[in-house]
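Peer 1: Quick one: this structure, given as structure tokens, is what I'll be asking you about.
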Amino acid sequence: MSATEPPLLEISDLRVAFATEDGTVQAVDGVSFTVSRGEVVAIVGESGSGKSVTAMTLMGLPRGSNATFQGTATFDGTELVGASDEQLRRIRGAGIAMVFQDPMSSLDPVYRIGDQIVEQIRAHERKISKAQALDRAVTLMERVGIPRAAERLRSYPHEFSGGMRQRVMIAMALSCSPKLLIADEPTTALDVTIQAQILEELRKLRDETDAGVILVTHDLGVVADIADRVIVMYAGRVVEQGVLDDIFYDPQHPYTWGLLGSITRIDSDRSQRLPAIPGMPPSLLSPPKGCHFRPRCPHAFEKCVEVPPLEGHVANRPESLDRCWLTEDRKRALRQVDGQVGLRSTEPVIS
Amino acid sequence: MLRFVVRRMLVMVALLIVISMFTFAMFVLLLPNGNPAALLAGRLATPAEIHLISVRYGFDKPIYIQYIDTMKNIFTGQAYSYQSSFNVLDEIRAGMPATLSLAIGAGLIWLLVSILFGTIAAVRAGKYADRVLTVLSMIGVSMPPFFFGAILIYYVAYKANIIPIGGYVPFSQSVGGWFGHLVAPWITLSILFIGFYSRVLRSSILDSINEDYVRTARAKGLSERQVLIRHSLRNSLIPIISLWGLDFAQVIGGGAILTETVYNLHGVGELARDSIGRLDTITLMEIVILTGIAVVVIGAIVDVLVAYLDPRIRLA
């Protein structure tokens, strides 16, 4: 990754709104970030933070006349927002591939595994013969660690376990050598040992193909395991982004503190209740004025009714950006809860 | 696959035995038409004559013997109508070409047109074409065959003279005549099913659009048409095919009584209507068992077809 090379994906001020009967839901509200080749970028946030919608928008998958898109998302020289259906179709599966959350339901139950992989290959390479495509499917399946691939090619999805199906999804995603892989909670539906294996596959893939990876997740354990950079989203906005270690060891935004503070730690005092961020995420129909996290933030003050810009506040760390009005010194002082990073609770912690 | 087929056959035989028992119980024990011997002997018969007939027809024997004898007669083609003394199997055989012609033609029409209409309605959901098809299917579902048939006969056959007024011409006699006489019955019977089937298919396709595997298909870079036909429609057809098997078998078993009667097709359905009119229990019993056989056999064929369409079913 050289400094002059443009990033693989550059998203700038992306806004996605859905018109509903109750009003407009601003699901993604001015999101900007970049992904480079060979980089794993994790987007974290709770349900409804806009992380999945952001990922789907890149694939042109939110459909229906009620969605409106603004901003730009440039992938490898092509503008994705406002691209024609045919342009998006060519990119989907070939330039950008996606692995979904639930491998149990993401494969079509009525077709053989091999045929489903071949279908994707032949959607993008019209000249390839079925036999050649099947050969490639075998190679791909072996690569993602499916034993007896040539035989399993003829199996149906229901004959596979969840972990194996997710491997099939990854093999399928790799079939046209994508430059960008979007993994939307790829391990959420799997048990922990399988999770580790799937993450290993993703890592191997990134190393071997130099593809960029966007990992959408709410599992900070997964993030710590695999991500290079982290983007924290809250209520449709990016509240903080930075290099993995900075996010974990020097987080700037109170929401990130809350996320980190609510992880179970093996070295923590078990007599205490697991801290949670108080309150609920706001309704995106009528988000709070100013900082979206303000109603839940114990450190909110007068200035927070203005929307804080996503800016760098830490000296010598231009890649660390956050949306918070607190000064750096105040942040460092406030985020210490019982000697660890956390969000100070407004109610007394009882055991 | 073989195991599935064998198991299905065994279930079929068991089902047929149960159906025959129920039918027998219904017509012989429950039907309130009194003593069949008295019915056969006529109004002026003496008790001695009634007893004679009772012995001759075996009505005095224990009920399970009667059941076995009746079934033997039905399945060997030796059953005779008590009222008309015709051989029942011959009667049914005479009606079968008309009924089969009606069923096969209408079955194909209603299946294909429903797939077409249902798919169009789903793809254009909420738009003009969908609304028009919704209204049409409502009309189709609520239009009784005797009413629609009467309209066709009056305007298209009698006034405009485009098609013949009822009747049936065997295929072997004249292909054109066969076709001409069946067009109106086919349409009349199909309209009933098209309305219902296309609604079911429409909602099934719309449901499948939200399925994860359809999203995957789109994410793979397939065109909208490929996503629709290979994934949405392919999965949505499975319930439609199951449904079709049942309705098709019904029609073969003389279930299209109204359509057959309106067009005077002299099929099994019309035979059933006549038998009901004169409480001809043995004929009715045989028609009901025939319907049972049709439903069970076609049901099994459709099950094999559905198992082919949906590989998950083979394990179940």
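Peer 1: Starting from the Cα of A:K127, draw a straight line to each of the lysines and keep only those under 24 Å, dropping any in the same chain fewer than 8 residues away.
Peer 2: Qualifying lysines at Cα under 24 Å: A:K179, B:K220.
Peer 1: Further question on the same structure: If R0 is 45 Å, what FRET efficiency do you get for A:E302 and A:R265 from their C-beta distance, rounded to 0.05?
Peer 2: 0.85
Peer 1: For chain A, take the longest principal axis of its alpha carbons; what is the angle in degrees between that and the long axis of helix A:162-174, to the nearest 10 within 0 to 90?
Peer 2: 80 degrees
Peer 1: Take the Cβ-Cβ distance between B:F86 and B:V135 as r, set R0 to 51 Å, and report the resulting FRET efficiency rounded to the nearest 0.05. Before the final figure, lay out each step's value.
Peer 2: Values: r = 47 Å, r/R0 = 0.91.
For R0 = 51 Å, the calculated efficiency reads 0.65.
Peer 1: In debye, nearest 20: dipole of chain B around its Cα centre with unit charges on the Cβ of K, R (+) and D, E (-)? Provide the component values of the computation, followed by the final result.
Peer 2: On the way: 24 positive and 18 negative charges, 241 e Å.
In debye, rounded to 20, chain B gives about 1160.
Peer 1: For A:T209, put the label point 7 Å out on the Cα→Cβ axis and report which residues of the stretch A:84-113 keep their amide N under 11 Å from it.
Peer 2: The answer is A:93-99, whose backbone nitrogens lie closer than 11 Å to the label point.
Peer 1: Then there's this: Specify which residue in the list B:P145, B:V302, B:T119 is farthest towards the positive end of the charge dipole of chain B, using unit charges on the beta carbon of Lys, Arg (+1) and Asp, Glu (-1), about the Cα centre.
Peer 2: The one lying farthest along the dipole's positive direction is B:T119.
Peer 1: Please give the charge dipole size of the protein assembly as shown, origin at the Cα centre, charges +1 on K and R Cβ atoms and -1 on D and E Cβ atoms. Round to the nearest 20 debye.
Peer 2: 1240 debye
Peer 1: Continuing with this model, one more query. So how far apart, in nm, are the two label points at B:L305 and B:I104 if each is 7 Å from Cα heading toward Cβ?
Peer 2: Result for the modelled spin labels: 1.4 nm.
Peer 1: Between A:K289 and B:I229, what is the label-to-label distance in nm when each label sits 7 Å out along the Cα-to-Cβ direction?
Peer 2: Here the answer is 5.7 nm between the modelled labels.
Peer 1: If I model a spin label as a point 7 Å beyond the Cα along the Cα-Cβ vector, how far apart are those points for A:V337 and A:D85 in nm?
Peer 2: It works out to 4.9 nm between the two label points.
Peer 1: To the nearest 10 degrees, how steep is helix A:130-143 against the longest Cα principal axis of chain A, on a 0 to 90 scale?
Peer 2: Taking the Cα atoms of chain A, the angle to A:130-143 is about 40 degrees.
Peer 1: Distance from the Cα centre of the stretch A:149-167 to that of the stretch A:108-132, in angstrom?
Peer 2: 15 Å
Peer 1: Using only Cα positions of the protein assembly as shown, each an equal point scatterer, no hydration layer, compute I(q)/I(0) via Debye at q = 0.06, 0.09, 0.11 Å⁻¹ and quote the log10 values to two decimals.
Peer 2: Per q value, in the given order, log10 I(q)/I(0) is -0.54, -0.88, -1.10.
Peer 1: Trypsin sites (Lys or Arg not before Pro) within the stretch B:28-132: which are DSSP loop residues with at most 11 other Cβ atoms inside 10 Å?
Peer 2: For trypsin sites (Lys or Arg not before Pro) across the stretch B:28-132 that sit outside H, G, I, E and B with at most 11 neighbouring Cβ atoms in 10 Å, the list reads B:R43, B:K127.
Peer 1: A further question on this structure: Taking the Cα centre of the stretch B:60-132 as origin and charging only Cβ (+1 Lys, Arg; -1 Asp, Glu), how large is the dipole, in debye to the nearest 20?
Peer 2: Computed charge dipole of the stretch B:60-132: roughly 460 debye.
Peer 1: Quick check on the exposure proxy: order A:R126, A:R203 from fewest to most C-beta atoms within 10 angstrom.
Peer 2: Details: A:R126 6, A:R203 14.
The order, fewest Cβ neighbours first, is A:R126, A:R203.
Peer 1: Set the Förster radius R0 to 60 Å, insert the Cβ-Cβ distance between A:A19 and B:F146 as r into 1/(1 + (r/R0)^6), and round the FRET efficiency to 0.05. Working shown, then result.
Peer 2: Numbers: r = 48 Å, r/R0 = 0.80.
Computed FRET efficiency for A:A19 and B:F146 comes out at 0.80.
Peer 1: Given just the C-alpha atoms of the stretch B:1-123, how large is their convex hull per residue in cubic angstrom?
Peer 2: Residue-normalised Cα hull volume stands at 192 Å³.
Peer 1: What is the angle, in °, between the Cα long axis of helix B:88-123 and the longest principal axis of the Cα atoms in chain B? Nearest 10 is fine, range 0 to 90.
Peer 2: Helix B:88-123 sits roughly 20 degrees off the main axis of chain B.
Peer 1: Which log10 I(q)/I(0) values, to two decimals, does the stretch A:17-93 give at q = 0.15, 0.17 Å⁻¹ under the Debye formula with one point per Cα?
Peer 2: After summing over all Cα pairs, the log10 values are -0.58, -0.74.
Peer 1: Which aspartates and glutamates have a Cα lying under 20 Å from the Cα of B:K61, excluding residues fewer than 8 positions away in the same chain?
Peer 2: B:E49, B:D69
Peer 1: On to the next question. I need the P(r) histogram for the stretch B:88-315: all alpha carbon pairs, bin width 10 Å from 0 out to the longest distance, whole percents.
Peer 2: 8, 28, 31, 21, 10, 3, 0
Peer 1: Within the stretch B:88-116, which residues have the backbone N less than 12 Å from the label spot 7 Å out from B:R278 along Cα→beta-carbon, could you tell me?
Peer 2: B:88
Quick note: the coordinates plus some simple rules give every number you see, no bench work behind them. Model, not experiment: these values are computed from the prediction. Please note: Cβ atoms are built from the backbone with ideal geometry, for glycine as well, and neighbour counts cover all protein chains shown.
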